[in-house]
Amino acid sequence: MNELLALFINYALVKNFILIMFLGLCPFFGVSKRLGDALSMGIAVTFVMLSSSVITWLITHFLLIPFKIQYMEIVVFILVIASFVQLIEMIIRKRSVSLYRALGIYLPLITTNCAVLGIAEISFRGGFSLLESVASSLGAGVGFILALAIMSGMRERLEISDVPESFEGLPIAFITASLLSLSFIVFRGIGL
Amino acid sequence: MKESWKRVIVLTSIVAISVVVLSSIYNITEPEIAKQKEIKFEEMLQSIFPSATDYSEKEGIYEVYSDNKRVGYAFMADGKGYGGDIEILVGVNEDKTIKGIKVLKHTETPGLGAKITERWFTDQFGGKSIGDIRLKEEGGKIDAITGATISSSAAVDTVYGEYMEKIKMMEEK
Amino acid sequence: MIKDFTNGIVKVNPIFVLALGLCPTLAISTSIDNAIGMGAAVIFVLLFSNLMISLIRNVISKEVRIPCFIVIIATFVTIVSLSLQAYLPSLYESLGIYVPLIVVNCIILGRAEAFASKNPVSRSVLDALGIGLGFTLSLIIISIIRELLGTGGISVFGYGFTLPFSPATFFIMPAGAFLVMGVLLGLLKRVGVIR
């Protein structure tokens, strides 16, 4: 139990996907201008990360390893993630119009989100058990939402502040992210 | 109907071609990858037993020779760290004290848990008898890494657990 | 035709102008060796996937094009990954999970979709080389700055020099990557290279 908690905290804070490992930067800079959007995106990504890490774990242990085709891992993982995202999009569109409006536009972006394939790779390479995969992908998801939420708050403030013209937009967003990343370094001190 | 069949055929053939190409590339590179692992292993073994000239493997226990004279044993120890798997190569002297250890694989936090690979930490294991392979706060003689207790005790437990198992195997023979 | 090549380096530079492929850019720009290795890997994948996709662009129907592209790209990434493991294991280890993540590098899927699937082979190859080179050069620029300031010296494949000042480790930390990227983008905007 302790180990699972450690993994969760590790991927939420110490190895924060966005601020320390640089995974999932596109939505971080793209949609993080409004808190609501940032939260929706974060929840969508977390959901996909969690479910696809379970699916890729099952595939690894019941397909790749028994048939000794671990080298097909990249092809299989990305195909599974792409079709899974497609499937969710179809289900959401049929079942709930309001949910589709809130999350639908982010779903196609998630396939090419490094965070989703990233967590699958980490658990594949680390030889995680199913529970460890779940704990680390939940942690990564929570860390993702956290970083997105903090960033959107800061960017809302940046919109109305006085920034040199050439640094408006992306450059100042990167510099803000730098400060944020620096502050996340302190989590390395968590003595786990 | 015809269109959709064409789609299925195109995608299936691309996947099929991909499988064929990758399995042949895998067959070409696989011996090379195995060789690289062996080279790395020999380097590690050499760093624990500088005088080693040869070794043989049986049921996971490596007998290390220097000019045809046996100088000790080595085995791999696998354990769980705080970031993922830890793999340690353990060298044992003829008198069953620890000769030295080398961390081959780990995913601990850089700058913290990753210090288990540093010499001041691994050198502590050399020359100690297995009873002392415990962290100081648990009555042993190994200093933990400040701020990375889980990683330190994971390394210690990995070495200790595997040692016990392998020694038992050797004594049964 | 030559424009297809030069465009990728400056006008549609994938990192500075399009702001694509940021994850590997920031993550592995801690050393010049890594930057060159990652750049070469991306050029290889980009070149061959553009080539293949352009060759079969008339066979692939619109509905299944994305899965087809993904499989093709993933195949070449696996080839890179296996070859690195076999012949350059130390580079493979220092690039870590960012090797398989080349699959989701938006630059590659983006070029497949925007260029290779609509243009003949020769132009697609030139486009891949240009974009790949633009990516690699930008990566090298960032890594030179970070390595010089962060480790107090430069070393390329074992050759290099060290400067007589104490390095600011900050620059090889993740926060340093964000800062260097932000300042570079701002300066490039200031001198009018990018809008």
Rg/Rh (Cα only; Kirkwood hydrodynamic radius) as it applies to segment B:1-48: 1.48
Violating pairs (Cα-Cα greater than 32 angstrom) within the set A:Lys15/C:Lys11; B:Lys69/B:Lys166; B:Lys2/C:Lys3; A:Lys68/B:Lys99; B:Lys80/B:Lys168; B:Lys80/B:Lys141: A:Lys15/C:Lys11; B:Lys2/C:Lys3; A:Lys68/B:Lys99
Chains C and A, summed buried accessible surface - 1.4 Å probe, Å², nearest 100: 3300
Nearest 10 degrees, 0 to 90: helix B:2-48 Cα axis against chain B principal axis: 20
Percent carbon-and-sulfur accessible area, the protein assembly as shown, ignoring ligands, DNA and RNA, probe 1.4 Å: 64
A:Leu63 versus B:Glu32: modelled label distance in nm, points set 7 Å from Cα along the beta carbon direction: 2.8
Under-5 Å amide H pairs with B:Gly81, H placed in peptide plane, nonlocal only: B:Ile86
Nearest 10 degrees, 0 to 90: helix B:149-172 Cα axis against chain B principal axis: 80
For B:Leu104, residues with placed amide H under 5 Å, excluding near neighbours: B:Glu87, B:Ile88, B:Leu89
Projected label distance in nm at C:Ile144 and A:Lys33, using a 7 Å step from Cα toward the beta-carbon: 3.4
Listing of segment C:136-179 residues, each with accessible area lower by at least 10 Å² in the full protein assembly than in the chain alone (probe 1.4 Å): C:Phe170, C:Met173, C:Pro174, C:Ala175, C:Phe178, C:Leu179
Size of the C/B contact, given as accessible area buried on both chains, probe 1.4 Å, in Å²: 1600
Separation between Cα centres of segment A:74-145 and segment C:60-116, rounded to whole Å: 19
Magnitude of the charge dipole, segment B:54-172, Cβ model with Lys/Arg +1 and Asp/Glu -1, debye to 20: 280
Shielding score for C:48-60, defined as the mean number of other chain Cβ atoms within 10 Å: 1
Label-zone membership for segment C:71-94, site C:Ile56, 7 angstrom Cα→C-beta point, backbone N under 17 Å: C:71-79
Segment B:54-172 - accessible surface per residue (Å², probe 1.4 Å): 47
Bins of 10 Å from zero: percent of alpha-carbon pairs in segment B:62-173: 15, 49, 28, 8, 1
Kirkwood Rh and Cα Rg combined as Rg/Rh, segment C:2-190: 1.01
Solvent-accessible area of B:Thr12 with every protein chain in place, 1.4 Å probe, in Å² to the nearest 10: 80
Global geometry of segment B:1-147, whether rounded, prolate or oblate, following the gyration tensor of its Cα atoms and the 1.5 cut on a/c: oblate
Virtual spin-label span in nm between B:Ser4 and A:Asp162, 7 Å along Cα→Cβ: 6.3
Top positive-direction residue, dipole computed over the protein assembly as shown with Cβ charges, set C:Val71, B:Val71, C:Ser83: C:Val71
Signed unit charges on C-beta, dipole axis of the protein assembly as shown, positive-most listed residue C:Gly176, C:Ala27, A:Gly169: A:Gly169
Per-residue average of Cβ from other chains inside 10 Å of A:115-127: 4
Which of B:Ser47, B:Ser24, B:Ile14, positive extreme of dipole for segment B:1-48 (C-beta unit charges): B:Ile14
Residue-normalised accessible area of segment A:125-179, given per residue in Å² at a 1.4 Å probe: 43
Dipole magnitude (debye, nearest 20) for segment A:2-189, charges at Cβ of Lys, Arg, Asp, Glu: 420
Accessible area, probe 1.4 Å, largest first, for residues B:Asp85, B:Asp95: B:Asp95, B:Asp85
Cβ charges +1 (Lys, Arg) and -1 (Asp, Glu), total dipole of the protein assembly as shown, debye: 1980
Shielding of B:140-147 by partner chains, average beta-carbon count, 10 Å: 1
Calculated on alpha-carbon atoms, Rg and Dmax of the protein assembly as shown in Å: 25.0, 78
Rounded to the nearest 10 Å², the accessible area of C:Met173 at probe 1.4 Å: 40
Sparse-neighbour loop sites [trypsin sites (Lys or Arg not before Pro); segment A:62-155; at most 14 other C-beta within 10 Å; DSSP]: A:Lys68
Restricting segment C:103-195 to chymotrypsin sites (Phe, Trp or Tyr not before Pro) in coil, as DSSP defines it, with at most 12 other Cβ within 10 Å: C:Phe157, C:Phe165
Distance-filtered residues of segment B:1-16 - backbone nitrogen under 14 Å, label point 7 angstrom along A:Gln86 Cα→Cβ: B:4-15
Label-zone membership for segment C:31-60, site B:Lys40, 7 angstrom Cα→C-beta point, backbone N under 20 Å: C:31, C:33-35, C:37-38, C:41
Where B:Met76, A:Met41 fall by accessible area, highest first, once all protein chains stay in place (1.4 Å): B:Met76, A:Met41
Long-range HN-HN contacts of C:Thr30 with modeled amide H, under 5 Å: none
Within segment B:37-68, GluC sites (Glu not before Pro) in DSSP loop having at most 12 other beta-carbon neighbours inside 10 Å: B:Glu59
Computed accessible area, A:Leu99, all protein chains, 1.4 angstrom probe, square angstrom: 80
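The values are calculated or read from the model by the stated rules, or taken from the named source; none is laboratory data. Just so we're clear, the structure is a prediction, and the values are computed from it rather than from any experiment. In this analysis, Cβ positions are derived from the backbone assuming ideal geometry, glycine residues included, and neighbour counts consider all displayed protein chains. Each accessible area value is taken on the protein alone, full model and side chains, heavy atoms only, with ligands, DNA and RNA left out. Shrake-Rupley method; radii C 1.70, N 1.55, O 1.52, S 1.80 Å.
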